[in-house]
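Working notes, beginning with the structure itself.
Read the figures in this text as sums done on the coordinates, not as results from a lab. None of these values were measured; they are calculated from a predicted model. Please note: Cβ atoms are built from the backbone with ideal geometry, for glycine as well, and neighbour counts cover all protein chains shown.
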Amino acid sequence: MTPRGTKVPPVEQEAQPPKRNSRQKVCPECGEMQVRRSRRRTLADYFLSLAGMRPYRCRECSHRFNARNHTRERKPPRRSRYAQCPRCGFTGVNRIARSKVPRTWSNFPWRLLPVSAYRCPECRKRFFDYRASRPKD
């Protein structure tokens, strides 16, 4: 315990490394995060970039390396297995007769194929969709 009136020196905190974004690259040579995209120089760089390996250069040590590009690894949004309204996205649509859907050029290919016609009770849009309607609860 310290006697009253004396000041306690502040405890030195350990220097924490800066927080790294999961997509931020780290130089394999020096370990710095000062890495930027480099331009493609050779035909090998071009073919590697088609496979997702992009050229990078470290600003600290000028080391040049290829690293994986994470933009290609994004998963596409999951699509509903039931028919959904193209305007509002509602999945509780009702099945209607094909003749009730307006004759437009965007609906022309659907009229030639044997697909079901639906109407959204929320926004009253009529459309074609090849997926089944959601079963009633």
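Anisotropy class assigned to region 76-137 is prolate, per the alpha carbon gyration tensor with a/c at or over the 1.5 cut-off and a/b larger than b/c.
In percent, rounded to a whole number, the relative contact order of region 76-137 is 42, using alpha-carbon pairs under 8 Å and six or more apart.
Our coupling estimate for region 95-110, obtained by passing each phi through the Karplus curve with A = 6.51, B = -1.76, C = 1.60 and θ = phi - 60°, is 7, 10, 6, 4, 6, 7, 7, x, 8, 10, 5, 6, 8, 4, x, 5 Hz, Gly and Pro reported as x. Shown here for region 41-70: trypsin sites (Lys or Arg not before Pro) in loop regions (DSSP other than H, G, I, E, B) with at most 12 other Cβ atoms within 10 Å, namely 41, 59.
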